[in-house]
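Structure record follows, encoded as structure tokens.
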Amino acid sequence: MANEDVFKNLVAHCKEYGFIFQSSEIYDGLSAVYDYGQNGVELKNNIRKYWWDSMILLNENIVGLDSAIFMHPTTWKASGHVDAFNDPLIDNKDSKKRYRADNLIEEHIEKINAKIKKETDKARKRFGDSFDEQMFRQTNARVTELQQKADILNNRFVKAMNDNDLTELKKIIIDYEISCPVSGTRNWTDVRQFNLMFATDMGSNAEGAMKVYLRPETAQGIFVNYLNVQKTGRMKLPFGIAQTGKAFRNEIVARQFIFRMREFEQMEMQFFVKPGTEAQWFDHWKNTRMKWHKVLGLGDEKYRFHDHDKLAHYANAATDIEYNFPFGFKEVEGIHSRTDFDLSQHQKYSGKKLQYFDPDTNESYVPYVIETSIGLDRMFLQVISAAWQEDTIENEKGASDTRVVFKLPPVLAPVKLAVLPLVKKDGLPEISRKIMDEIKYDFNCQYEEKDSIGRRYRRQDAIGTPFCITVDHQTVSDNTVTIRYRDTMEQERVNIDKLRGIIKEKVDMGSFLKRL
RNA sequence: GCGGGAGUAGCUCAGUUGGUAGAGCAUCAGCCUUCCAAGCUGAGGGUCGCGGAUUCGAGCUCCGUCUCCCGCUCCA
């Protein structure tokens, strides 16, 4: 099956079996927003728990945090989000290329200045030592004209940018006949502004209202609480703060199912270290995080690092962990060495010292930060992409038959165990209910008695239930049931009293974490 | 945002030159009891994404709009 079809089937499967629904579907949906259904929420919670426990339980020097989605607006000035994401953009309809309108105009001004310089240089050559540039510029008609043109343009441009006047920016591009460098045409769309952050008003009356943003990343909630946690937790470097939570980005193009959504969940851990040790910790977390992925057993060959050549303004090293989705290798997690950029920025904008007093050296400094940041929804997509399979099996009559099965790691599966009476009579349902009642405190279990046993197995396969136990007539006499394994479809007969222990060993998070 | 494709039952889809909607699976009730889907009987479920136009009459034609998919574009 082609990858494209696999992905299409996976999306359909997610809806059919209650994993993922489009948001507000009865109102035609909301673009790039999705809801997690009855099975999806269980899987998502389990993935989050795997991440959280691997951070919090396995590392004495990492603690948790749950910071608010709303933050003081200055946060986003300090972080650089306000300035970096307010670009006026314009498209050329012929070349389909998109440009920053301000860049196009600036380039045009540059061109005019270049012409002036060319004229001036020519004159300088001609007049030699007696050349007076100031005089020349004022007296030469051609240069004066160009200079005036540039000044008028520049004034209009600066005013338009200050007023945030998008219509005027478009008008400048038209008036000065600025054309697309690729197509050479002037077939432009309107200038539009894309602010990546969602804004809303905080405060009930219009005058007192303050513009606040829905956070575009959870990291800043950690940075602004750095000192609170360090002081109250008596944390010593190196230490980390972990947080999971929703973030919001008004993406221009949001696509590929839950890969890029406007509302999404991040799982971030910011690790504060002594300056100079960041390279070693960067390597440590790079390896630790890769192992976390591979232990799930989704296929080691499906992962790779992608080191960044071009680094962001705040980073001195950065890599992505990429997973081979049905639509190719894409970023799932980023590991960044963020230097002291964030804490220094917040120190500058807040006027509060965000330093660490090092008792070993008796000096104060702003810690460096190693960030691990993973998209929970992307992780979800990674898990289900790997887990979805259409197996071809042969039945007893020799005919081939297909089986759709979600081979989820048992520790992540939404439902761990299905309890199935072989037939719904002869006291089998009653025994099954009794087993359910004893075991439901430990795992998410489902009871099913409708339809043939084979059909019920298939239904459980489709939602990824790793174990089915079947209560049959032999159960009545010897207190044993069969465990049927999802991946092999093989069965094993065990005593009811041993059930809980056998299943728990295979689905327990604590036991699973020991593999890390 | 541009270009292309699509939207009919929970899912996958059919629906002729326009004549007020069908199948399979799924769901529910009952029968049958059988360890790997597809046994029997019956039932429920759709104003065909939404709005408008043309027409005596629109799932089908036209316009608009929303959503999804693919490619480009963007992506701390």
With a 1.4 Å probe and every protein chain left in place, tell me how much accessible area A:ARG493 has, in Å² to the nearest 10. 90
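Would you mind classifying region A:283-328 by shape? Square roots of the alpha carbon gyration tensor eigenvalues, ordered a ≥ b ≥ c; an a/c under 1.5 is rounded, otherwise it is prolate if a/b is larger than b/c and oblate if not. Before the final figure, lay out the partial values.
Details: a/c = 3.57, a/b = 1.57, b/c = 2.28.
Oblate.
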In whole Å, how far is the Cα centre of region A:54-84 from that of region A:247-278? 11
For region A:445-516, with all protein chains present and a 1.4 Å probe, just round the carbon and sulfur fraction of the accessible area to a whole percent. 47
Where the centre of each part is set by its Cα atoms, how far does region A:344-387 sit from region A:464-515, in angstrom? 42
Take every DSSP beta bridge with both residues inside chain A and express the antiparallel ones as a percent of the total, to the nearest 5. 85
A:GLU119 versus A:ARG433, label points 7 Å from Cα toward the beta carbon: distance in nm? 9.7
16 Å cut-off, amide nitrogen to a point 7 angstrom out along A:VAL423 Cα→Cβ, residues in region A:458-495: A:471-477
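Would you mind checking the pairs A:LYS416/A:LYS440; A:LYS274/A:LYS353; A:LYS211/A:LYS353; A:LYS416/A:LYS506; A:LYS291/A:LYS504 and listing those with alpha carbons more than 18 angstrom apart?
Working: A:LYS416/A:LYS440 10 Å; A:LYS274/A:LYS353 16 Å; A:LYS211/A:LYS353 26 Å; A:LYS416/A:LYS506 9 Å; A:LYS291/A:LYS504 23 Å.
The pairs that break the limit, which is 18 Å between Cα atoms, are A:LYS211/A:LYS353; A:LYS291/A:LYS504.
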At a Cα cut-off below 16 Å, give the lysines reachable from A:LYS115, other chains included and same-chain residues fewer than 8 away excluded. A:LYS125, A:LYS149
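Kirkwood Rh over Cα pairs of chain A into Stokes-Einstein at 37 °C, 0.692 mPa s: D in µm²/s?
Working: Rh = 27.8 Å.
Reported coefficient: 118 µm²/s.
For A:ASN479 and A:GLU390, FRET efficiency with R0 = 35 Å and r from the beta-carbon atoms, rounded to 0.05? Don't jump to the answer; show the numbers that get you there.
Details: r = 37 Å, r/R0 = 1.06.
So, using R0 = 35 Å, E works out to roughly 0.40.
Take the Cβ-Cβ distance between A:LYS506 and A:ASN103 as r, set R0 to 60 Å, and report the resulting FRET efficiency rounded to the nearest 0.05.
Details: r = 57 Å, r/R0 = 0.95.
Given R0 = 60 Å and the Cβ-Cβ separation, E is 0.55.
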Residue by residue through region A:66-75, what is 3J(HN,Hα) from phi via Karplus (6.51 cos²θ - 1.76 cosθ + 1.60, θ = phi - 60°)? Round to whole Hz and write x for glycine and proline. 9, 8, 6, 6, 7, 9, 4, x, 5, 3
Using a probe radius of 1.4 Å on heavy atoms only, what accessible surface per residue do you get for chain A? Whole Å² is fine. 51
Heavy-atom accessible area with a 1.4 angstrom probe orders A:ASP132, A:ASP53, A:ASP309, most exposed first, as A:ASP309, A:ASP132, A:ASP53
Around A:LEU422: net Lys/Arg minus Asp/Glu count, Cβ-Cβ under 15 Å: +1
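Using only DSSP helix segments of four residues or longer, with each worth -39500 (n - 2.57), what per-residue ellipticity at 222 nm results for chain A after dividing by its residue count and rounding to 500? Before the final figure, lay out each step's value.
On the way: 18 runs with 208 residues, N = 516.
Value at 222 nm, helices only: -12500 deg cm²/dmol.
Express the carbon and sulfur contribution to the solvent-accessible surface of region A:309-370 as a percent, rounded to the nearest whole number, probe 1.4 angstrom.
45
The values are calculated or read from the model by the stated rules, or taken from the named source; none is laboratory data. Worth saying up front: this structure is predicted, and the values here are computed from it rather than measured. Here Cβ is always computed from backbone atoms with ideal geometry, including for glycine, and neighbour counts include all displayed protein chains. Ligands, DNA and RNA are stripped out before the accessible areas are found, and what is left, the full protein with its side chains, is counted by its heavy atoms. Shrake-Rupley method; radii C 1.70, N 1.55, O 1.52, S 1.80 Å.
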